[in-house]
Amino acid sequence: MVGHVDHGKTTLVSALSGVWTDTHSEEMKRGISIRLGYADTTFRKCPNCPEPQCYSVEEKCPNCGEDTEEIKTISFVDAPGHETLMATMLSGAAIMDGAVLVIAANEKCPQPQTKEHLMALNIIGIKNIVIVQNKIDLVSREKLIEHYHQIKDFVKGTVAQDAPIIPISAQQNTNIDALIQALENVIPVPVYKMDKPARMLVARSFDINKPGTPIDKISGGVIGGTLTEGVLHPGDELEIRPGRKVESEGTIKWLPIKTVVTRIIAGKDKVEEATPGGLLAVGTNLDPTITKSDSLTGQVAGLPGTLPDTLYSLKMELHLLERVVGVTDEAEISNIKTSEPLMLNVGTATTVGVVTSGRPGVAEVELKRPVCAEEGSMVAISRRVGSRWRLIGVGVIRD
C-alpha cells in the first residue's frame, strides 16, 4: 500500500520505523506483523536509459552508471494480510492515495484475504491500484500465464479491473524497474488543500524513551500519521480528539487533549514545515504515557477549534455488499438489524457500536468508543460472522 507526495523543499515524506533514531524505532518494529508498518523510498530516473530500465532507487544507474535524477519520494504503508487483522488494514487504507495489491504466483488466486482486501479498496474508494504478481521465480511459464488469467478473472468488474499486473521476483530483483514505472504512471500526486487548517489522521503513537531515562532527559510523546490538509510547523498548538477518557460520578466523557508541536520528522530529517502527503512523526510536549503503545491511534489532530465534533453515536446511509467476502462460503448479506453489534472504521479509528435503529438503507449506532468525524465521512462496516469480523459494506455519516 502506498501514500505518496510530490517531492520539494518542504514537502517531505517519512517512514515511522526509524524516524527518530535506530534505538527509538524498536517499539515500532516489534509489532510490525500485527500493526501498520511503514517505510519510504525515493524513486529515481536515469537520463540516458530507455523506459522502464531507467527507473531505480539508486543514485547511480545500475545499467550505465550515470547519475540518476530524483523523481519523488513515496511512503509505503504495509497493512497486515491476515484475515483477523482487517481492522488494521482498513485503518491503514484511510491514509493511502493508492495501493499495491501483492498476489503470490505460487498460490491459487484469489485467496480469501486477497478478496477481502480488494473489496476494502473498492469500498473505501481507492482507485489507483497496481497489481504485483510476486514470486514468479517459483513457478513455470505455463503456470505463470494461468495465474495471470486467474488474476484477470478475479479483478473483473472491480475497482482494479484496469490495473496493470506487473510480474516480479523480489528475491531475484526482477522487473522492479517496471513496477516503479507503473507506480509512477498509475498513482498521480494528489491535489492537497494547503490553505485549510492543518488536520492529521493519527495512525500510530509512541513513547520513544528508553527504560531508565532520567526525568530531565525524557522526550514528549510522539504521534505518527499523515496530514490530510493544511501545513504544520514546530511551535503550532494542536488539539487531539476525541482525546482522553474521563470517568466521573458514573459517567464517561472524552475530553480533547491540547499540546504543542515540538518537532517534526519526515524520513530521517527534522523539518520546519510539514505538508500533506506521506508520513510524519510529530513530537509533542505530551506526557509519553498518553502516547505509548499506539494509545492515540485513530484520533484526529489539528489546530484548536478547527476539528469536527466528537461523535458518540452515528447515523449512517448504508451501502451493503451482496455477499460476505473473505470466507469460503460466501453467504448473502442480510439487512442490519436493531441491537446488532458492528465494527466500524472511520478514518484511522476502529470502534464497535450497537445498532439502536436498523432499517433498510439507514442505521443509527451507539458507539462504545467515540470518533472524531464530520458529515459525509465514509465508514467501513464489519459484521460478526462466526468468530471473525467480516466486511459487509460502507456507510456515509449523515445528520
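Semi-axis lengths, largest first, of the ellipsoid equivalent to the range 199-302 are 22, 18, 11 Å, with √(5λ) applied to each eigenvalue of the Cα gyration tensor. Applying the Karplus relation 6.51 cos²θ - 1.76 cosθ + 1.60 with θ = phi - 60° to the range 349-356 yields 3J(HN,Hα) values of 8, 10, 9, 10, x, 10, 6, 8 Hz, where x marks Gly and Pro. Would the range 310-398 count as rounded, prolate or oblate if I go by the C-alpha gyration tensor, calling it rounded below 1.5 in a/c and otherwise prolate when a/b exceeds b/c, oblate otherwise? Verdict is prolate for the range 310-398. For L286, the residues whose amide H sits under 5 Å from its own are G221, V260, ignoring neighbours fewer than 5 places away on the same chain, with H placed 1.01 Å from N.
The string of couplings for the range 297-306 from the Karplus curve (6.51, -1.76, 1.60, θ = phi - 60°) is 4, x, 7, 10, 10, x, 5, x, x, 10 Hz, one whole number per residue in order, with x for Gly and Pro.
Backbone geometry of the range 382-399 corresponds, through the Karplus equation with coefficients 6.51, -1.76 and 1.60 at θ = phi - 60°, to 3J(HN,Hα) couplings of 10, 10, 6, 10, x, 9, 10, 7, 10, 5, 10, x, 9, x, 10, 5, 10, 5 Hz, x marking Gly and Pro. Summary of the geometry: the range 245-303 and the range 114-189, compared by the centres of their Cα atoms, lie 35 Å apart.
By other beta-carbon atoms within 10 Å, ranking E364, E249 with the fewest at the front produces E249, E364. A cut-off of 5 Å between modelled amide H atoms, ignoring neighbours fewer than 5 places along the same chain, links L296 with S205. Each Lys and Arg Cβ is given +1 and each Asp and Glu Cβ -1; about its Cα centre, the range 315-399 then shows a dipole of about 300 debye.
What is the calculated FRET efficiency for K210 to E317, with r their C-beta to C-beta distance and R₀ = 41 Å, to the nearest 0.05? Mind showing how you got there, number by number?
Numbers: r = 48 Å, r/R0 = 1.18.
For R0 = 41 Å, the calculated efficiency reads 0.25.
Counted residue by residue at 0.36 nm each, then reduced by the alpha carbon distance between them, the extension gain from I252 to K368 reaches 40.7 nm. Gain on full extension, evaluated as 0.36 nm per residue between K270 and E59 minus their Cα-Cα distance, stands at 73.7 nm. With neighbour counts taken as other beta-carbon atoms within 10 Å, the residues D67, D195, D399 rank, fewest first, as D399, D195, D67. With K and R counted +1 and D and E -1, the other residues having a Cβ less than 9 Å from that of T356 yield a net charge of -2. Distances between placed amide hydrogens fall under 5 Å for V102 paired with V132, all partners being 5 or more residues away or on another chain.
Where a number appears in this text, it was derived from the coordinates with a stated rule and is not lab data. Remember, it's a predicted structure, so these values are computed and weren't measured experimentally. Neighbour counts are summed over all protein chains in view; Cβ atoms, including those assigned to glycine, are modelled from backbone coordinates with ideal geometry.
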